[in-house]
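Data block below; observations after.
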Protein chains: 2
Amino acid sequence: MGILGGGTVGAALVGLLAERRTEIAARCGIELVPVAVAVRSPDRPRPGVPADLLTGDAAAVVARPDTDIVVELIGGIDPARELLLAAMAGGKPVVTANKEVLAGHGAELFAAARAAGVDLLFEAAVGGAIPLVRALRESLAGESVRRIMGIVNGTTNYILSRMTTAGSGYHDALAEAQALGYAEADPRADVEGHDAAAKAAIMAGIVFGAEVTTADVHCEGISTLSPNDIAFARRLGHVIKLLAIAERIDGDGGAGSAGGGGAAVAVRVHPAMVPDDHPLAAVRDSFNAVFVEGDAAGELMLYGRGAGGRPTASAVLGDLIDAAVNLASGAAAGPPPVAPARIHPIGELRTAYYLALEVIDRPGVLAAVAGVFGRHGVSIRSMEQEGLGDQARIIFITHVACESDMRATLDDLRHLEAVRQVGSVLRVIADE
Amino acid sequence: MGILGGGTVGAALVGLLAERRTEIAARCGIELVPVAVAVRSPDRPRPGVPADLLTGDAAAVVARPDTDIVVELIGGIDPARELLLAAMAGGKPVVTANKEVLAGHGAELFAAARAAGVDLLFEAAVGGAIPLVRALRESLAGESVRRIMGIVNGTTNYILSRMTTAGSGYHDALAEAQALGYAEADPRADVEGHDAAAKAAIMAGIVFGAEVTTADVHCEGISTLSPNDIAFARRLGHVIKLLAIAERIDGDGGAGSAGGGGAAVAVRVHPAMVPDDHPLAAVRDSFNAVFVEGDAAGELMLYGRGAGGRPTASAVLGDLIDAAVNLASGAAAGPPPVAPARIHPIGELRTAYYLALEVIDRPGVLAAVAGVFGRHGVSIRSMEQEGLGDQARIIFITHVACESDMRATLDDLRHLEAVRQVGSVLRVIADE
């Protein structure tokens, strides 16, 4: 096989292939030997990768007659997309860990795999070592999934865990994550939720058999969360997690494919309040987990390492074995077709909300604020007020309300003279 | 396809097939239509199963030319084993949820599947709806798994959860589980660990590519646990769970297949003390979960409903789709061969222990007891003593020790004149 990309995952994969070669040959009856590793600077030595495997010409690796399977670990859209398409056009199965290209050009890539009758496998693109993609594609192939909620970004989960357990502020927790190598120097892709949004699009696509791209995903990050939000959540028996959520919204036609007539799919990434006794609440530090609610299967959760060289390489290796076994038996038929998705607008989302409001502490303010909620039909479930000198902080938890009504409420609140600041707005996960 | 068995799971499967038929045809390009459901009393009406599908002749269902896939949901060894063998001998792929036949005759059944080149799929046999078997067989095919620990019996997990949260005694919690339908009138298969032992054998077989049968599994149940044990565990920051554990014990040859020269496999079921912050500690009520530790993948956990008609039928349906797609593409090649297992004797297990001892409260007793531990090389990590009139209860936690040394210690303690009773002995899960 040919490997494109010699970074952390590529080097870990070369190492794993060497370690596990005899065992895999004995167990699976296949030999997995890398013929080349394409990197940008082939002259720079890479620990763990034999120098004679390194080359600068990725297209040549794809084209080599002795490259039977192409493993793409470059990441990003270009040139990964062209290389994957070229490999499949040449009849070669591909294994990729590249969430961006799948979330941006999944439909094109799947169509190419189908046309060529080759495998396009991507277990490592979401949830690292967690055997999530295969579970969703195969084990749950017959299941009608209602909702999937994932903690799919380890950086933000680490930051939120530190804010929760150590009481750190956002910037301190981020600095700590950077020092540990969990966060990049430029952390925006993680903390603004873009990484999670790509993964949400991929998961929604698999689960609902629909074409969902990153652009379809409503996305909010964690950079504006305050220690106050974390503390209030704790007091209310919740933790704050950045969730990637894909949900089936049944229309008049009832349950069914999100691509079909009846149902739409809502896909979003945002921080949310998760009850302490929910399995996702116990997912700490840089771990990832995906919680699935199915009509027949009930509640499922898959948990593990979402990133890191060896965990990710382990998932790639599982795919590689699958592709090699299928290649030997002539079994691969390409992935099933996906239908265009009907995306449910975020404004029609129905959920409960947490809202922190800073107001001037004087008589009549609460009545004015409550009046705004009432005018937009947003019903308050609980309220807590805390004095701050001549100001007060009010925390509201609403009953389930429509997002557009909530947004209208927030707009009006911002114009209320007594309101100093509208703080964090968090959606609350509940058994709705 | 033909279905053998029309109990809870069989009826749920017939229902799911009807509900999901259009969707599955659209998504997977296959039609799944049951041609017959074999039951012991075909004249007894079964809710959800059309009367014209019912028949009393299971062998005839297997033999029918229009039965392309056989789904076995009878359970037990006979006649399930013969029917599965007959189906595969006739070139028909089989899907089964039957842990007993797999744990007792797995090697024979896998060999038959290999010889016939047909699928033998059994996702529902362990962990119900949890997509565990496929993850272990395929996603982790290239992974070197060190240890797998599972809560794979919902009845005992429910009982232990009630003893922990409500402080119930064992018999009250069992009665409650029976009233809720979580436990059978004769609960022995669950509470003595036999059900978990069959699942442990199946998991060990997959993960280590080795022939492991129920007879190879050291098995202890939960019926002798006392509310005191639960309370002490809680005070020490632990919960008690019935765990099914399969572990690779590397020999001189280092890491490798448990069937090969270097490594052996240790498989056991027993109650264990699990630290509160371990992901398995949060698996409550009748939920199941399996925790996997891999050399490259790191820690993984899969969580969900381990039993129930619809969750189990959902797992069977996933397998059915897989088998049907493979049948249509001519892909199935049968499972890979398994090697004979080298079973690590329980006496050589190395772990930490919890031990509750009731002794006469008089000077010198602790010295005598500590002397017994010392003579057998079992080192005490912590000790806690509590007066009970003229008696005292002493709780010991040991450092990691060898099981045979611990057993010798227990034997000697039982013969010590000041020891009234040797209570529960629990193994302690730790990052050893």
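Test A:Leu300 against the criterion of being in contact with a Gly (Cβ under 6 Å, 6 or more places away or on another chain), assigned to a strand (DSSP E or B) and open to solvent by less than 50 Å² (accessible area, probe 1.4 Å), and give yes or no. Criteria met by A:Leu300. Considering the stretch B:9-30, and only residues there that are surrounded by fewer than 20 Cβ atoms within 10 Å (Cβ to Cβ) and in contact with a helix residue (DSSP H, G or I) (Cβ under 6 Å, 6 or more places away or on another chain), the residue that is farthest from the other protein chains (Cβ to nearest Cβ) turns out to be B:Ile30. If you scan the stretch B:53-108, which residues turn out to be part of a loop (DSSP other than H, G, I, E, B), in contact with a Leu (Cβ under 7 Å, 6 or more places away or on another chain) and closer than 25 Å to B:Phe208 by Cα? Within the stretch B:53-108, B:Pro93, B:Ala97 meet the criteria. Residues in the stretch A:199-229 that are touching a Gly at 6+ places or on another chain (Cβ under 8 Å) and aliphatic (A, V, I, L, M): 7 in all. Take A:Leu355 and decide whether it is over 24 Å from the mean Cα position of the chain (by Cα) and closer than 28 Å to A:Ile151 by Cβ. Here the answer is yes, as A:Leu355 does meet what is asked. Any chance you could count how many residues in the stretch A:147-172 are in contact (Cβ under 8 Å) with a residue 24 or more places away in the chain and either open to solvent by less than 10 Å² (accessible area, probe 1.4 Å) or over 14 Å from A:Ala231 (Cβ atoms) (or both)? Of the residues in the stretch A:147-172, 16 are in contact (Cβ under 8 Å) with a residue 24 or more places away in the chain and either open to solvent by less than 10 Å² (accessible area, probe 1.4 Å) or over 14 Å from A:Ala231 (Cβ atoms) (or both).
Go through A:Gly128, A:Gly75, A:Gly117, A:Gly142 for me and flag whichever is on the phi > 0 side of the Ramachandran plot and in contact with a helix residue (DSSP H, G or I) (Cβ under 6 Å, 6 or more places away or on another chain).
Selected residue: A:Gly128, the only one of A:Gly128, A:Gly75, A:Gly117, A:Gly142 that is on the phi > 0 side of the Ramachandran plot and in contact with a helix residue (DSSP H, G or I) (Cβ under 6 Å, 6 or more places away or on another chain).
Residues of the stretch A:347-360 that are surrounded by 18 or more Cβ atoms within 10 Å (Cβ to Cβ) and not in a strand (DSSP E or B): A:Leu349 alone.
Residues in the stretch A:50-66 that are surrounded by fewer than 11 Cβ atoms within 10 Å (Cβ to Cβ) and either farther than 21 Å from A:Ala313 by Cβ or in contact (Cβ under 8 Å) with a residue 12 or more places away in the chain (or both): A:Pro65, A:Asp66. In the stretch B:118-152, which residue that is facing another protein chain (nearest Cβ under 7 Å) and of a type outside the set (A, V, I, L, M) is nearest to B:Gly90 (Cα to Cα)? Going through the qualifying residues, I end up with B:Glu123. Here the stretch A:115-133 is the region considered, the condition is being open to solvent by 10 Å² or more (accessible area, probe 1.4 Å) and not aliphatic (A, V, I, L, M), and the residue that is nearest to B:Met301 (Cα to Cα) is A:Asp119.
Yes or no: the stretch B:79-100 includes at least one residue that is open to solvent by 20 Å² or more (accessible area, probe 1.4 Å) and either of a type in the set (Phe, Trp, Tyr) or free of Cβ contacts under 8 Å to residues at least 24 places away in the same chain (or both). Yes, that holds for at least one residue. Between B:Ala189, B:Ala112, B:Ala175, the distinction of being open to solvent by 40 Å² or more (accessible area, probe 1.4 Å), more than 17 Å from the chain's Cα centre (by Cα), more than 14 Å from chain A (Cβ to nearest Cβ) and without any contact (Cβ under 8 Å) to a residue 40 or more places away in the chain belongs to B:Ala175 only.
Residue pairs whose Cβ atoms lie under 7 Å apart, separated by 6 or more positions or on different chains, with the first residue in the stretch B:317-333 and acidic (Asp, Glu) and the second in a helix (DSSP H, G or I), are B:Asp319/B:Glu123; B:Asp322/A:Glu138. Go through the residues of the stretch A:203-212 one by one and say whether even a single one is open to solvent by 20 Å² or more (accessible area, probe 1.4 Å), among the hydrophobic types (A, V, I, L, M, F, W, C), in contact (Cβ under 8 Å) with a residue 60 or more places away in the chain and in a helix (DSSP H, G or I). Yes, some residue in the stretch A:203-212 is open to solvent by 20 Å² or more (accessible area, probe 1.4 Å), among the hydrophobic types (A, V, I, L, M, F, W, C), in contact (Cβ under 8 Å) with a residue 60 or more places away in the chain and in a helix (DSSP H, G or I).
For the stretch A:31-49, filtering for residues that are touching a helix residue (DSSP H, G or I) at 6+ places or on another chain (Cβ under 8 Å), in contact (Cβ under 8 Å) with a residue 12 or more places away in the chain and open to solvent by 20 Å² or more (accessible area, probe 1.4 Å) leaves 6.
When each of A:Gly377, A:Gly330, A:Gly309 is tested for being open to solvent by less than 20 Å² (accessible area, probe 1.4 Å) and not hydrophobic (A, V, I, L, M, F, W, C), the lone residue that passes is A:Gly309. Of the residues examined, B:Ile24 is not one that is in contact with a Gly (Cβ under 9 Å, 6 or more places away or on another chain) and under 30 Å from B:Ala201 (Cβ atoms).
Per the listing A:Leu355, A:Leu317, the residue uniquely touching a Lys or Arg at 6+ places or on another chain (Cβ under 8 Å) and not aromatic (Phe, Trp, Tyr) is A:Leu317. Taken over the stretch A:202-250, residues that are in contact with a Lys or Arg (Cβ under 8 Å, 6 or more places away or on another chain) and among the β-branched types (Val, Ile, Thr) amount to 4.
Sort out which residues of the stretch B:303-321 are among the charged types (D, E, K, R) and more than 8 Å from chain A (Cβ to nearest Cβ), and write them in order of number. Please lay out each step first, then the result.
Our first condition is that a residue be among the charged types (D, E, K, R); within the stretch B:303-321, this holds for B:305, B:310, B:319.
Scanning the stretch B:303-321 gives a single hit, B:Asp319.
Taken together, the criteria exclude B:Ala272 from residues that are surrounded by fewer than 23 Cβ atoms within 10 Å (Cβ to Cβ), more than 10 Å from chain A (Cβ to nearest Cβ) and under 17 Å from the mean Cα position of the chain (by Cα). Of the residues making up the stretch B:326-334, one or more are more than 25 Å from the chain's Cα centre (by Cα), within 14 Å of another protein chain (Cβ to nearest Cβ) and not small (Gly, Ala, Ser).
Among the listed residues B:Leu280, B:Leu300, which satisfies the condition of being of a type in the set (A, V, I, L, M, F, W, C), out of contact with any His (no Cβ under 7 Å at 6 or more places or on another chain), facing chain A (nearest Cβ under 9 Å) and on the phi < 0 side of the Ramachandran plot?
Of B:Leu280, B:Leu300, the one residue that is of a type in the set (A, V, I, L, M, F, W, C), out of contact with any His (no Cβ under 7 Å at 6 or more places or on another chain), facing chain A (nearest Cβ under 9 Å) and on the phi < 0 side of the Ramachandran plot is B:Leu300.
The values are calculated or read from the model by the stated rules, or taken from the named source; none is laboratory data. Computed from a prediction, not measured in an experiment: that's the story for all the values here. Cβ coordinates were reconstructed from backbone atoms using ideal geometry, including for glycine residues, and neighbour counts include every protein chain displayed. Note: areas computed on protein heavy atoms with side chains; ligands, DNA, RNA excluded. Shrake-Rupley method; radii C 1.70, N 1.55, O 1.52, S 1.80 Å.
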